[in-house]
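The next block holds one structure in the form of structure tokens; read it before the comments.
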Amino acid sequence: MDKYRVKSIVHGEEGKAAIENMLRVLDEKALTPEGKIKSYKINYNKIKRNPMGGISIEIIINDNDSLRLGTIINKYNKDVGYEFGALSLSPGLSKLIRGE
């Protein structure tokens with residue numbers, strides 16, 4: 001998978017849907033005024049093809065560099081859209097989600 005394909009997946013509707021679904025798993029009201037996760041942006045400098053498959057991405061939450069999420073999106077089944085793999089939450093994001 002070349003860099004162009006990686007970026008097109010992350011920028012595309014399927015990639016966006018996978019990211020937003022993942023955020024709603026962390027915060028059921030994510031991306032709404034009532035949610036703890038109000039917004040996100042992808043750190044495009046950190047996108048790369050994962051050697052084990054999929055695409056490694058870093059997401060910045062609420063425009064705050066201390067609220068970061070790392071994950072891998074992958075298409076495990078051609079009939080299903082992209083899904084997320086392991087999550088790595090910054091300490092600040094963990095506290096936000098837990099309500100501390």
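Observations on the model:
- Of all residues in the stretch 11-25 being open to solvent by less than 40 Å² (accessible area, probe 1.4 Å) and in contact (Cβ under 8 Å) with a residue 60 or more places away in the chain, the one that is nearest to the chain's Cα centre (by Cα): I19
- If you go through the stretch 20-45 and keep only what is within 15 Å of L87 (Cβ to Cβ), part of a helix (DSSP H, G or I) and either at pLDDT below 90 or among the aliphatic types (A, V, I, L, M) (or both), you end up with M22, L23, V25, L26.
- Test: residue in the stretch 41-59 that is of a type in the set (D, E) and open to solvent by 100 Å² or more (accessible area, probe 1.4 Å): no
- Residue count for the stretch 54-76 under the criterion of being part of a loop (DSSP other than H, G, I, E, B) and more than 18 Å from G12 (Cβ to Cβ): the result is 6.
- Residues located in the stretch 30-40, provided they are open to solvent by 100 Å² or more (accessible area, probe 1.4 Å) and without any contact (Cβ under 8 Å) to a residue 12 or more places away in the chain: P33, E34
- Screening the stretch 86-95 for residues that are open to solvent by 50 Å² or more (accessible area, probe 1.4 Å) and in a helix (DSSP H, G or I) and picking the one that is farthest from K29 (Cα to Cα) gives P91.
- Residues that are over 20 Å from T32 (Cα atoms), of a type in the set (S, T, N, Q) and either open to solvent by 60 Å² or more (accessible area, probe 1.4 Å) or over 11 Å from the mean Cα position of the chain (by Cα) (or both) within the stretch 60-85 comprise S66, N74, N77, listed in sequence order.
The values are calculated or read from the model by the stated rules, or taken from the named source; none is laboratory data. Since the model is a prediction, treat every value here as computed from it, not as a measurement. Every residue, glycine as well, gets a Cβ built from its backbone with ideal geometry; the counts of neighbours run over all protein chains shown. Surface accessibility is based on the protein's heavy atoms, side chains included, excluding ligands, DNA and RNA. Shrake-Rupley method; radii C 1.70, N 1.55, O 1.52, S 1.80 Å.
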